[in-house]
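To start, the structure under review is shown below, and the notes come after it.
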């Protein structure tokens, strides 16, 4: 079985770390597993494995998983924003043209206030 086929057959974050022989702290992985695997997926999609042998693909995937793990060790999910819902709610992202403001004034909620 090729490295790519093996990776496609894995089901848990722990299996990825064990298969690729990347050290991890279980308590960190328990909290950040989806974020780490999503980031690794982003790295894998951008990789070009054409013409590479299994050993080189293994090393590249190993490095990508280690990098994804490190991304969240030195940062956090809110800063990294790997999921669509977090990207869409980024307070530093400029609002889309024509988008309504996210905040509603209290006076606009009180019909007697004239607002």
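The values are calculated or read from the model by the stated rules, or taken from the named source; none is laboratory data. All figures in this text were calculated on a predicted structure; none of them were measured in a lab. Heads up, the Cβs are rebuilt from the backbone with ideal geometry, glycines too, and the neighbour counts pull from every protein chain shown.
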>> Where the second residue is buried (at least 17 other Cβ atoms within 10 Å of the Cβ) and outside any helix (DSSP H, G or I) and the first is at negative phi and modelled with pLDDT of 90 or more and lies in the stretch 27-38, which pairs have Cβ atoms under 6 Å and are six or more apart or on separate chains?
In response: none
> Identify, please: which residue in the stretch 1-48 is over 19 Å from the mean Cα position of the chain (by Cα) and farther than 17 Å from residue 66 by Cβ and is, among those, surrounded by the fewest Cβ atoms within 10 Å (Cβ to Cβ)?
Replying inline: 48
>> Restricting to the stretch 54-98, name every residue that is out of contact with any helix residue (DSSP H, G or I) (no Cβ under 8 Å at 6 or more places or on another chain), surrounded by 11 or more Cβ atoms within 10 Å (Cβ to Cβ) and modelled with pLDDT of 90 or more.
In response: 56, 59, 60, 62, 63, 66, 70
